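The values are calculated or read from the model by the stated rules, or taken from the named source; none is laboratory data. As the structure is a computational prediction, the values presented were derived from the model and not from experiment. Don't worry about glycine lacking a Cβ; one is built from the backbone with ideal geometry, like all the others, and counts go over all protein chains shown. Just the protein is used for accessible areas: all its heavy atoms, side chains included, with ligands, DNA and RNA removed. Shrake-Rupley method; radii C 1.70, N 1.55, O 1.52, S 1.80 Å.
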Amino acid sequence: MRKPIIAGNWKMYKTLSEATDFIKALKPLVADVHDTGIVICAPYPVLKDIADEAADSNIEIGAENLFWEDEGAFTGEVSGPMLLAVGCRYVIIGHSERRQYFGETDETVNKKLFAAIKHTLLPIICVGETLEQREKNETFKVIEKQIKDGTKGLGAGDWGKVVIAYEPVWAIGTGKTATPEQAQEVHAYIRKLLPKDIANDIRILYGGSVKPDNIKELMAKPDIDGGLVGGASLKVDSFVKLIKH
Ligand code: PEP
């Protein structure tokens, strides 16, 4: 049985007080939730404070990125040990906005994946096709390359730590959600690419304009194990509705 996860991706939103107020408000509203993992992935400056605020709760904290070296002359970067030390449990790797604006590739995703695992952070690896690729019928080819190259060399014992997020680029922040059938088709395809002995244990989240009014039908699909949510994770009430769908 795969325990679903609803993970918020705050992107570059929320100052320190906004972030801690959110966690304070969220905690009592989800204290009774045991069947769903609740994760908030947030910008670096607020991680320590929201992790402290969430420490006695069922809310887990993640970062939105990391660098693959442990330390060194890499101005502006943040490492696995640093994230671990401030209370992070998860880290998003290869979000399409990082691929699009910051030059991330399947090779950098792979290095970051190994860094996360080395430091016991649970990686949420993002994959997804652009609209152009979908229209050219390249979706499966693109996803296969992202999964294979992104997870290259991953040992059998480490696959169980991985969470995958299928996020069609054309659905992120656009209000256009993949239909549950479109999402299910790709999720099932991804599962077939995973090592057979563990494929049924790995959580595959859907991301792309997930909202309280479409979560239920997405979650009803057999290979959709939760959501990675941008916009609708920024307000406590809509995030709670997603968790309690
Ligand atoms: C995301 O940030 O990963 C995302 C899916 O954003 P949104 O829910 O706003 O489309």
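Quick rundown of the values:
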read-out	value
Residue among Pro168, Ala178, Phe22 farthest towards the positive dipole end of the chain, charges placed on Cβ	Ala178
Tyr44, Tyr13, Tyr101, Tyr206, reordered so the largest accessible area comes first (probe 1.4 Å)	Tyr101, Tyr13, Tyr44, Tyr206
Intensity falloff of the chain expressed as log10 I(q)/I(0), Debye formula with alpha-carbon point scatterers, at q = 0.10, 0.12 Å⁻¹	-0.43, -0.63
Inter-site label distance for Lys161 and Glu217 at 7 Å from Cα along Cβ, in nm	3.8 nm
Non-local Lys pairs in the stretch 206-245, i.e. 8 or more apart or on different chains, that have alpha carbons under 14 Å apart	5
Gaussian network model of the chain, Cα within-10 Å springs - most flexible of Leu234, Leu121, Leu16	Leu16
Estimated dipole of the stretch 63-152 in Debye, rounded to 20 [Cβ of Lys and Arg +1, of Asp and Glu -1, Cα centre]	280 debye
Paramagnetic reach from Tyr189 (point 7 Å along Cα→Cβ, amide N under 19 Å) across the stretch 106-130	106, 125-130
Gaussian network model of the chain, springs between alpha carbon atoms under 10 Å - residue of Phe22, Phe67, Phe102 with greatest fluctuation	Phe102
Residues of the stretch 125-245: accessible area per residue with a 1.4 Å probe, Å²	45 Å²
Accessible carbon and sulfur surface of the stretch 144-245 relative to its total accessible area, %, 1.4 Å	52 percent
Sum of side-chain charges, Gly160 neighbourhood, beta-carbon under 13 Å (Lys, Arg +1; Asp, Glu -1)	+1
Potential lengthening between Thr120 and Lys48 on full extension [0.36 nm per residue; Cα-Cα distance subtracted]	24.2 nm
Relative pair counts by distance (%), Cα atoms of the stretch 131-222, 10 Å bins	15, 49, 30, 6
Dmax and Rg, reported as Rg then Dmax, of the stretch 1-132 (C-alpha, Å)	15.0, 45
